[in-house]
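The values are calculated or read from the model by the stated rules, or taken from the named source; none is laboratory data. Keep in mind that this is a model prediction, so the values were computed, not measured. For neighbour counting, all protein chains shown are included, and Cβ atoms are generated from backbone atoms with ideal geometry for every residue, glycine included. These accessible areas exclude ligands, DNA and RNA; they are computed on the full protein's heavy atoms, side chains included. Shrake-Rupley method; radii C 1.70, N 1.55, O 1.52, S 1.80 Å.
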Amino acid sequence: MVVDTSLEELRKATLARFASATALDELEEARVQALGRKGTLAAISKNFGKLAPEERAHTGKLLNAVKNELEAEYERKKAAFEREALAQRLSREWIDVTLPAPGIRPGSLHPVTQIQEEIEDLFTSLGFAILDGPEVETEEHNFDALNIPPTHPARDMQDTFWLTNGHLLRTHTSPVQVRGMRKFGPPLRMIAPGRTFRNEEVDASHEHTFYQLEGMMIDRDVSVANLIYFMKTLLSGVFHRDVTVRLRPGYFPFVEPGFELDIQCLICGGSGCSVCKQSGWVELLPCGLIHPNVLRLSNIDPDEWSGFAFGLGLTRLAMMRYGIDDIRQLQGGDLRFLNQF
Ligand code: PHE
């Protein structure tokens with residue numbers, strides 16, 4: 001009966017400790033002391049052998065009952081602690097699923113693309129077609145058909161990326177003139193925006209990859225007066241304000257006469273900066289009347305047809321319009337910069 005008494009004491013004491021435990025580790029400690037391998041219950045059952053055989057059945061049952069009761073109470077209390085911990089965590093980490101989602105942030109067109117599309121709209125309204133040409137070109141389209149034979153010094157004006165198969169990365173959009181003339185013949189009004197490549201030393205106003213927009217009009221009796229009209233229309237359409245321009249002779253083998261149309265630098269207002277190389281002027285719009293050889297090389301009779309062509313520097317135009325003082329910002333893909341447009 002000694003065993004019975006100590007079992008009852010253990011039961012009471014342990015239930016009391018379970019009840020007063022305020023945290024999981026306290027509960028666990030009480031369990032180990034009562035029910036662990038070296039705990040009180042284990043010690044009590046060691047005396048089991050000393051009992052008289054008739055007592056054993058009774059005490060054995062009691063021992064099991066106490067063990068089961070304590071274990072059950074332990075599990076109940078442990079589950080309660082765990083529920084409480086979870087509830088606390090949920091209240092801390094609560095997410096309001098009814099809040100509106102942050103939403104998809106809208107992107108925008110690159111500033112060069114925006115200007116390109118405006119100019120496309122302007123020229124389509126004037127009856128021009130928009131043509132496209134490959135970025136990898138043949139030597140013939142990029143040079144020969146534009147009146148620049150292999151030995152011509154003008155080839156050195158454009159430091160070219162040559163490919164091992166004899167093709168090249170187009171140095172200007174002018175090869176699309178050739179493709180347009182050969183595909184459609186005269187009369188022809190076309191523009192060709194696109195990416196161009198030169199082996200340039202990169203600085204504030206030069207990149208190896210940049211954008212141009214080529215234009216060409218072929219008809220009967222096209223003159224410099226027509227050319228100037230279209231160039232003025234183009235510039236006022238882009239800038240929506242007066243810009244100071246100057247026209248000076250310029251040499252390109254595929255035009256005669258040829259001009260450089262410069263605009264007064266809009267970054268510095270003409271006083272000189274790194275973009276205009278301290279000159280106050282930016283070369284923006286080289287142009288001229290199409291050289292008779294160029295027409296001939298694309299099977300157009302120069303006695304019957306004449307025309308003008310221009311090669312607008314799209315990247316530079318974007319810089320002028322938005323006051324961007326370093327071309328590398330336009331190419332960098334930095335969203336903090338691009339988000340402004
Ligand atoms: N293709 C010339 C260049 O990139 C520009 C140009 C185009 C000049 C059309 C005259 C006529 O330098």
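Odds and ends about this structure:
- Over all pairs of different C-alpha atoms, the range 180-247 has a mean inverse distance whose reciprocal, the Kirkwood radius, equals 14.7 Å.
- Extended-chain gain in nm, criterion 0.36 nm per residue less alpha-carbon gap, R89 and L335: 84.8 nm
- Computed per residue of the chain from DSSP H runs no shorter than four, each worth -39500 (n - 2.57), the mean residue ellipticity at 222 nm is -13500 deg cm²/dmol.
- Of all the options G311, G49, G185, the one that moves most in a Gaussian network model of the chain with Cα springs shorter than 10 angstrom is G49.
- Between M157 and E54, the modelled label-to-label distance comes to 12.8 nm, taking each label 7 Å out from Cα in the direction of the beta carbon.
- Stokes-Einstein diffusion of the range 272-314 at 10 °C, 1.306 mPa s viscosity, Kirkwood radius from Cα pairs, rounded to a whole number: 126 µm²/s.
- Protein-only accessible surface order, largest first, of R92, R182, R76 at 1.4 Å: R92, R76, R182
- Gain in span if fully extended, R182 to A101, counting 0.36 nm per residue against the direct Cα distance: 23.7 nm
- Solitary cysteines of the chain, where the nearest other Cys Cβ is not under 4.7 Å: C287
- D (Stokes-Einstein, µm²/s), Kirkwood Cα radius, the chain, 1.567 mPa s at 4 °C: 48
- Cβ-derived FRET efficiency at R0 35 Å, L109 paired with Q278, nearest 0.05: 0.60
- Note that the chain presents 55 Å² accessible area per residue, ligands and nucleic acids not counted, probe 1.4 Å.
- In this label model, D221 and T5 are separated by 13.6 nm, measuring between points 7 Å along each Cα→Cβ vector.
- Distance (nanometres) between label positions extended 7 Å along Cα→Cβ at T164 and K61: 9.5
- Protein accessible area in the chain, 1.4 Å probe - carbon and sulfur %: 53
- At the residue level, V222 shows approximately 10 square angstrom of accessible surface with a 1.4 angstrom probe and all protein chains present.
- Rg/Rg_globular for the range 1-83, with Rg_globular taken as 2.2 N^0.38 Å and Rg from C-alpha atoms: 1.15
- Counting heavy atoms of the protein chains alone, Y229 has an accessible area of about 120 Å² for a 1.4 Å probe.
- Theoretical gain in end-to-end length, H208 to A43 [0.36 nm per residue, Cα-Cα removed]: 50.6 nm
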